[in-house]
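Undergrad: I have a structure I would like to understand better, so I am pasting it below and will then ask my questions one at a time.
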Amino acid sequence: MDRKVVGAKYFNLNQTFSDQDTPSPIDDEGHGTHTSSTVAGVFVKDASLYGLGTGTARGGVPSARIAMYKVCWVNGCSDSDVLAAFDEAIADGVDLISASMGGPSRSFFEDPIAIGSFHAMKKGILTSCSAGNDGPATSTVENVAPWIMTVAASGIDRQYRTVATLGSGEHFSVTFYHLSVMGISINTFSPQKMMYPLTSGALAANVSELYGNASACDLGTLDKNKVMGKIVYCLGSNGQDYTIKRSGGAGAIMTLEEDTDTAYSTVIPGTSIFPRDSKMIEQYINSTKNPQAVIQKTITINVSAPFVASFSSRGPQKINLNILK
């Protein structure tokens, strides 16, 4: 019998449920399940995503048990619900509170997380909160009260790189130790062909569509007949793989606006290339009548860890400059 979750409660004191809300402790969105497994997930051997990142997965304290308190809904998280959950957790006698939530910095006397965690601290309960995901810009750190353990996002000892090979023989490679062109994504698809036709959003534009940017493969801007069965090169990296899939495309090569260490899953074969490499693809597409490309399944490379993830919020904090966060 699984005794990992020892209790689950929900708080919606104003009873303002939307049609998309489930008035129960059930996690509809997945964030609570994700953060709970990060805190206290048991050991899982040979965990992987279709063979990627194989290893033993575990949470911070695998032996811990979890009491869940749901306070966030489709319309957000109210201060009253957050404070009610803190009070309930304190009364239940928990040993540690993990609150992976936040927002723009507020005065300690107006911030429900700062207030709730202060009362928890008085009872000897440490509260751990996320620093936020607005990095690498400075002064973006959240949950800055000195009695909160504010936690940055860190990287693991592996990163994921995805090779895109052009018909000309140029390789958009993952060779981390050389000055070759790199793509980053979590692409679980193995190619079914040696090569696929390659086009760009600009060349596949729907000329009757007056709104949106076809070069960026915006929704509705592409002609399905020009995309069907092809890999499409798009400016920007904003989830265009969804748009290309809806149009029947075979893959997406997207362009990052800045270097990153964060890889995202794609719904079709896809990779995001770094800014310094984008011109090479454009030149190739414009240099031949029949451009071709293939996107390989992602491979794993080893890196030094731990390190602070690029998206993790940074200090200094804005509320009290004398307190380091």
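Undergrad: So who's got an amide H within less than 5 Å of the one on residue 167, skipping anything under 5 residues away but keeping other chains? H placed 1.01 Å off N, in plane.
TA: Amide H to amide H, under 5 Å and 5 or more residues apart or across chains, residue 167 pairs with 292, 293.
Undergrad: Mind checking the full-extension length gain between residue 194 and residue 46? Use 0.36 nm per residue of separation minus the Cα-Cα distance, one decimal, nm. Numbers along the way, then the final one.
TA: Details: separation 148, 0.36 × 148 = 53.28 nm, distance 3.04 nm.
Additional length available on full extension: 50.2 nm.
Undergrad: Now for a different question. To the nearest 20 Debye, how big is the dipole of region 1-160 about its Cα centre, given +1 on the beta carbon of each Lys and Arg and -1 on that of each Asp and Glu? Mind dumping the intermediate values first?
TA: Working: 11 positive and 18 negative charges, 131 e Å.
Magnitude of the dipole: close to 640 debye.
Undergrad: Moving on to the next point. List the residues whose amide H sits under 5 Å from the amide H of residue 151, counting only those 5 or more places along or on another chain, with H placed 1.01 Å from N in the peptide plane.
TA: Excluding prolines and chain starts, which carry no amide H, the hits are 129, 130, 131.
Undergrad: Oh, and also: At 1.4 Å probe radius, can you tell me the per residue accessible area of region 189-318 in Å²? Mind dumping the intermediate values first?
TA: Values: 6980 Å² over 130 residues.
Averaged over the residues of region 189-318, the accessible area is 54 Å².
Undergrad: What is the magnitude of the charge dipole of the chain about its Cα centre, with +1 placed on the Cβ of each Lys and Arg, -1 on the Cβ of each Asp and Glu, and no other charges, expressed in debye to the nearest 20?
TA: Values: 25 positive and 29 negative charges, 184 e Å.
Computed charge dipole of the chain: roughly 880 debye.
Undergrad: Okay, next question. Could you work out how far apart the two model spin labels at residue 34 and residue 299 are, taking each label as a point 7 Å from the Cα in the direction of the beta carbon, and quote it in nm?
TA: 2.9 nm
Undergrad: Residue farthest toward the positive end of the dipole of the chain, with Cβ of Lys/Arg at +1 and Asp/Glu at -1: which of 183, 294, 15?
TA: 294
Undergrad: What residues qualify as long-range amide H neighbours of residue 69, i.e. H under 5 Å apart, gap of 5 or more or another chain, H built at 1.01 Å from N?
TA: 9
Undergrad: Give the peptides 202-208, 9-15, 318-324 in descending order of average Cβ contacts within 10 Å, highest first. Don't skip to the answer; put the middle values down first.
TA: Working: 202-208: 15.9, 9-15: 14.3, 318-324: 11.9.
By packing density, highest mean first, the sequence is 202-208, 9-15, 318-324.
Undergrad: Against the longest principal axis of the chain, how steep is helix 79-92, in degrees 0 to 90 to the nearest 10, with axes from Cα atoms?
TA: 60 degrees
Undergrad: Same structure again: Given a 1.4 Å probe and heavy atoms of the protein chains only, how would you sort 246, 314, largest accessible area at the top? List each step's numbers first, then the result.
TA: Working: 246 165, 314 70 Å².
Largest accessible area first, the residues go 246, 314.
Undergrad: Please report, in whole Å³, the volume per residue of the convex hull around the C-alpha atoms of the chain.
TA: Output value, Cα hull per residue: 180 Å³.
Undergrad: What 222 nm value per residue comes from the helices of the chain, counting each DSSP H run with n ≥ 4 as -39,500 (n - 2.57) and dividing by all residues, nearest 500 deg cm²/dmol? Present the calculation step by step, with values, prior to reporting the outcome.
TA: Working: 6 runs with 54 residues, N = 325.
It comes out at -4500 deg cm²/dmol, rounded to the nearest 500.
Undergrad: For the chain, which whole percent of the accessible surface, found with a 1.4 angstrom probe, sits on carbon and sulfur atoms?
TA: On the way: 9930 of 18270 Å².
About 54 percent, which is the carbon plus sulfur part of the accessible surface.
Undergrad: Using the beta-carbon distance between residue 258 and residue 92 and R0 = 41 Å, what value does 1/(1 + (r/R0)^6) give for FRET efficiency, to the nearest 0.05? Let's see the in-between values first.
TA: Values: r = 44 Å, r/R0 = 1.08.
The formula returns an efficiency of 0.40 here.
Undergrad: Which length gain, in nm to one decimal place, applies between residue 80 and residue 56 when the Cα-Cα distance is subtracted from 0.36 nm times their residue separation? Please report the intermediate quantities before stating the final value.
TA: Numbers: separation 24, 0.36 × 24 = 8.64 nm, distance 3.91 nm.
Separation in residues times 0.36 nm, less the Cα-Cα distance, equals 4.7 nm.
Undergrad: Quick check: the angle from helix 112-122's long axis to the longest principal axis of the chain, C-alpha only, nearest 10 degrees?
TA: The two axes meet at around 50 degrees.
Undergrad: Under a cut-off of 22 Å between alpha-carbon atoms, report the lysines in cross-link reach of residue 70, not counting same-chain residues fewer than 8 places apart.
TA: 4, 9, 123
The values are calculated or read from the model by the stated rules, or taken from the named source; none is laboratory data. Here the structure is a predicted model, which means the values were calculated and not measured. All Cβ positions, even for glycine, are placed from backbone atoms using ideal geometry, and neighbour counts span all protein chains on display. Areas reflect the complete protein model, heavy atoms only, side chains present, ligands, DNA and RNA absent. Shrake-Rupley method; radii C 1.70, N 1.55, O 1.52, S 1.80 Å.
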